[in-house]
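Student: Structure in structure tokens, see below.
The values are calculated or read from the model by the stated rules, or taken from the named source; none is laboratory data. Every value quoted in this text rests on a predicted model; they were computed, and no experiment measured them. Backbone-built Cβ (ideal geometry, glycine too); neighbour counts: all protein chains shown. What goes into the accessible areas is simple: the full protein's heavy atoms, side chains included, and nothing from ligands, DNA or RNA. Shrake-Rupley method; radii C 1.70, N 1.55, O 1.52, S 1.80 Å.
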Amino acid sequence: MFKKIATGLAAVAATTAVALSLPASAQASSYDYSEYWGPAYAKHGLAKAQGWVGVDWDHHGESNEVTVRGKLFDLDNRTYEEGGKCAYVQFQASDFEHEWSPVYGKKYCGYPGYKKFGFQEHDVYSLRARVCQVGPYGGYPKKCGPWEYLYTAESE
């Protein structure tokens, strides 16, 4: 129990220091499309993710780059011995042929804190995310919430 609390407090202190060092305008306004997303929850609300997505198209409108930034929250206050799990967020993107592929995943163990994440992906037609829980030593994600659609080229 103390290990989980100490890990959470250390993570909160570290991420707060990083957040305070970044300017409020970290999300550039030069994107062709940008939107805040979330919060998205795992089943039973024991994990949460939220963030921002920005899309930048090339000059010909044939290719894009999607940037995602967010925070992943571990809301499960149970110890691992009591069945507590870690927060996990996974992202899938479809290309212009509409085929879905996993593009990013992040795990965070540290109730009551959160962990920042970010990634970029090229040539994205649609992007979706879902929040799950996973054991502290890995394994298959469990208690996943529904897929949340964050971006679709049709919505522009």
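Student: Along region 141-149, what does the Karplus equation 6.51 cos²θ - 1.76 cosθ + 1.60 (θ = phi - 60°) give for ³J(HN,Hα), rounded to whole Hz, x for Gly and Pro?
Tutor: Here the 3J(HN,Hα) series is x, 10, 6, 6, x, x, 5, 10, 7 Hz.
Student: Order of 75-85, 120-130, 46-56 by packing, highest average Cβ count within 10 Å first?
Tutor: Working: 75-85: 15.2, 120-130: 18.4, 46-56: 21.8.
Per-residue Cβ counts within 10 Å, averaged per peptide and sorted highest first, yield 46-56, 120-130, 75-85.
Student: Once fully extended, how much extra length lies between His44 and Thr79, figured as 0.36 nm per residue of separation less the alpha-carbon to alpha-carbon distance?
Tutor: Taking 0.36 nm per residue and subtracting the Cα distance, the gain is 10.9 nm.
Student: Can you give me the three principal axis dimensions of region 46-156 from its C-alpha atoms, in Å, biggest first?
Tutor: Principal axes ranked by extent give 55, 23, 21 Å for the Cα atoms.
Student: From the backbone phi of region 99-114, what are the Karplus-calculated ³J(HN,Hα) couplings (6.51 cos²θ - 1.76 cosθ + 1.60, θ = phi - 60°) in whole Hz, Gly and Pro given as x?
Tutor: For region 99-114, the Karplus curve yields 9, 7, 9, x, 10, 6, x, 9, 10, 9, 10, x, 3, x, x, 8 Hz.
Student: Tell me, what HN-Hα J-couplings in whole Hz come from the Karplus equation 6.51 cos²θ - 1.76 cosθ + 1.60 at θ = phi - 60° for each residue of region 39-53, using x for Gly and Pro?
Tutor: Using θ = phi - 60°, the values come out as x, 10, 10, 6, 4, 6, x, 8, 8, 8, 9, 7, x, 9, 10 Hz.
Student: Sticking to Cα atoms, compute the Rg of region 44-92 to one decimal and its Dmax as the biggest Cα-Cα distance, whole number, in Å.
Tutor: When restricted to Cα atoms, region 44-92 yields Rg and Dmax of 16.8, 55 Å.
Student: OK, next. Under 5 Å between amide H atoms, partner at least 5 residues away or on a different chain: which partners does Ala47 have, H built in plane at 1.01 Å?
Tutor: When sequence neighbours closer than 5 places are left aside, the close amide H contacts are Ala42, Leu75.
Student: Could you pull the accessible area for Tyr111 with a 1.4 Å probe, rounded to 10 Å²?
Tutor: Rounded to the nearest 10, that gives 70 Å².
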